[in-house]
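To start, the structure itself, in structure tokens.
The values are calculated or read from the model by the stated rules, or taken from the named source; none is laboratory data. Keep in mind it's a predicted model, so treat the numbers as computed, not measured. A quick note on method: Cβ atoms are made from the backbone with ideal geometry, for glycine too, and the neighbour counts reach across all protein chains shown. To get the accessible areas, we keep the full protein, side chains included, count just its heavy atoms, and leave off ligands, DNA and RNA. Shrake-Rupley method; radii C 1.70, N 1.55, O 1.52, S 1.80 Å.
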Amino acid sequence: MLVVVGVVVQVVVVVVLEVVVVKVVVLVVIVVLIMVVVIVVVVVIVAIVVVLVVVVVVVVAVVVVVVMMVVVLVVVVILAMVVLVVVALVVAIVVVAVVVVAIVAVVVVVVVVVVVVVVVVKKSVWFHYGP
């Protein structure tokens, strides 16, 4: 009877141990799988963040380059406008100077003609009628 009880106890212990060991092994496998999934998810998230950071850096660099090009273009256009305004002012000053010289020349010619006419008329009058 003791042998039967001993065998039954051994069978029960072996069955219980097998169930417990199987459950522990299943739990360990599940925990390991969960850890692998978590690690993969974390690696994927980090990779996505790195890609997003690289994309943001590239976009910011492109925006900075475009802004700098626009600023340079605006500065060049402003400088061109300033040069054009200065050239226009110089041309206007030259035109005004030419007009002033022409007016002075006309006035001088008119004065000379009047003086010559007055002198000629005066000499003619003096010649014919005396002083």
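Evaluate the following for Val3: is it part of a helix (DSSP H, G or I), among the aliphatic types (A, V, I, L, M) and either loosely packed, with under 10 Cβ neighbours inside 10 Å or touching a strand residue (DSSP E or B) at 6+ places or on another chain (Cβ under 7 Å) (or both)? Answer is yes for this residue.
Mind checking whether some residue in segment 107-125 is open to solvent by 90 Å² or more (accessible area, probe 1.4 Å) and of a type in the set (A, V, I, L, M, F, W, C)? Show your work before the answer.
The initial filter retains those residues of segment 107-125 that are open to solvent by 90 Å² or more (accessible area, probe 1.4 Å), namely 122-123.
Now restrict to residues that are of a type in the set (A, V, I, L, M, F, W, C): none.
Checking segment 107-125: not a single residue is open to solvent by 90 Å² or more (accessible area, probe 1.4 Å) and of a type in the set (A, V, I, L, M, F, W, C).
If you go through segment 14-27 and keep only what is open to solvent by less than 80 Å² (accessible area, probe 1.4 Å) and under 60 Å from the mean Cα position of the chain (by Cα), you end up with just Val26.
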